[in-house]
Amino acid sequence: MRTSNVRVALILSLSKDEGAKKVDVMTNPIVDPIADIPADAMTPLVHLDSTPGGAVTVWINRPAKKNAFDAATIAALHQAFETLHGAEGVRIVFLRGVGGAFSAGADLEWMKAAAEWSEDDNRDDALGLAHMLKALHDIPALTVALVEGPAFGGGAGLVAACDHALATADAKFAFSEVKLGLTPATISPYVIAALGPRTAKLLFATGRVFDADQAWSYGLVDEVFDDAAGLVAAQDALIEEVAVCAPGAIGDAKALVNDFVGQKIDRGLIDETAKRIARRRVSDEGQEGVRAFLERRKPSWTI
């Protein structure tokens, strides 16, 4: 089942003076599988599609620029990601570029303007990208990058900031900032976490362009497909897979990884793990899931 065929939230383009409207598509966070998505989270630069199964696709919409970033695009993505933090019922979020390109990185006009700014101005501008990446990283739902064509610089950083990444065979990647006398500073925490320090050093220092198979070998991409049809089929399979999972439990399961990675397994950590499963057992989802299992029926959150 293709995502585009089960769309329940129309692509909207709103100017700021149209105000904040809502697409009301949820009444019960357990029974109904998709949350309210404020329409002002959708701009001409970013589109959000959603399905009845709690899947959302965030589209970067600058195809004429190969979905390159500028300040407005970064702000629009940040707003969309922040909206998804509070969207109950969302299980999985896909990030994709319109027109067969994921993101070519920084927009040339934006870079040209930044060259004339002061260090303080550049710091403030860079914080916009850094906060946007953190908002993506912190989305409770499982996040998946769907990569076609170029994913350069900050575009590759978006891939690293997602939980999972799928790519077509023609995808190309690079952390090419050093070729411009710059460094991939804002994206570096996510790239290092995805690739490990040794590979990150190599790719940062050389700025080399690498293909999807190399990205898979480095750990930046998890699966490679021949074409966009394969990418969509994998997307549909993931939507089906998470449709039987409780939305809140997905977020809490992700939080275990984010919070416990690298932690020493001591008494404090052991106590925290016990607290978290106890909290889950008495939650609405936990109670409903166990009852459904014992009664040999599907839990109420399944479609």
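Laboratory data are not the source of any read-out in this text; all were calculated from the coordinates shown. These figures come from a predicted structure and were not determined experimentally. Because the Cβ atoms are built from the backbone with ideal geometry, glycine has one as well, and the counts that use them run over all protein chains shown.
For the pair His85 and Arg198, how long in nm is the line joining their label points, each one 7 Å along Cα→Cβ?
3.7
Would you mind counting up the charge near Thr206? Only other residues with Cβ under 12 Å from its Cβ, with Lys and Arg at +1 and Asp and Glu at -1.
+2
For helix 197-206, report the angle its Cα long axis makes with the longest principal axis of the Cα atoms of the chain; keep it between 0 and 90° and round to the nearest 10°.
For helix 197-206, the angle is close to 30 degrees.
Picking from Gly251, Gly54, Gly230, which is most flexible by a Gaussian network model of the chain using Cα springs under 10 Å?
Gly230
For n ≥ 4 DSSP H runs only, could you compute -39500 (n - 2.57) per run for the chain, divide by its residues and tell me the 222 nm figure to the nearest 500? Intermediate results must be reported in sequence, preceding the final value.
On the way: 11 runs with 129 residues, N = 303.
Mean residue ellipticity at 222 nm (helix-derived): -13000 deg cm²/dmol.
Subtracting the Cα-Cα distance from 0.36 nm times the residue separation, let me have the gained length for Gln287 to Asp222 in nm, one decimal.
Values: separation 65, 0.36 × 65 = 23.40 nm, distance 3.37 nm.
Result: 20.0 nm gained on full extension.
Could you please state, rounded to a whole Å, how far the C-alpha centre of segment 185-206 is from the C-alpha centre of segment 237-267?
When both Cα centres are located, 24 Å separates them.
Just Asp163, Asp138, Asp259 to compare: in a GNM of the chain, with alpha carbon springs under 10 Å, which one fluctuates most?
The residue that fluctuates most here is Asp259.
Just to confirm the number: angle between the C-alpha axis of helix 267-281 and the first principal axis of the chain, 0 to 90 degrees, nearest 10?
The angle comes out near 60 degrees.
Can you tell me the FRET efficiency between Glu241 and Asp213 if r is taken as the Cβ-Cβ distance and R0 is 22 Å, rounded to the nearest 0.05?
Computed FRET efficiency for Glu241 and Asp213 comes out at 0.35.
Excluding Trp110 itself, calculate the net charge of residues whose Cβ lies under 12 Å from the Cβ of Trp110, where each Lys or Arg counts +1 and each Asp or Glu counts -1.
Net of charged neighbours comes to -2.
I want to check the label-to-label distance for Ala249 and Ala234. Put each point 7 Å from Cα in the C-beta direction and report it in nm to one decimal.
According to this spin-label approximation, the distance is 2.6 nm.
Once you have a ≥ b ≥ c as the square roots of the Cα gyration tensor eigenvalues for segment 247-294, tell me rounded if a/c is under 1.5, and otherwise prolate or oblate according to whether a/b is larger than b/c.
Working: a/c = 3.44, a/b = 1.92, b/c = 1.80.
Verdict is prolate for segment 247-294.
Compute the acute angle (0 to 90°) between the alpha-carbon long axis of helix 71-85 and the principal axis of greatest extent of the alpha-carbon atoms of the chain; round to the nearest 10°.
Result, in degrees: 10.
So which GluC sites (Glu not before Pro) in segment 95-160 are both in a DSSP loop and have at most 11 other Cβ atoms within 10 Å of their Cβ?
Listed in order of number, the matching sites are Glu116.
Pairs to check: Lys66/Lys179; Lys65/Lys254; Lys134/Lys179; Lys172/Lys298. Give those whose C-alpha atoms are more than 31 Å from each other in this structure.
Over 31 Å apart, Cα to Cα: Lys65/Lys254; Lys172/Lys298.
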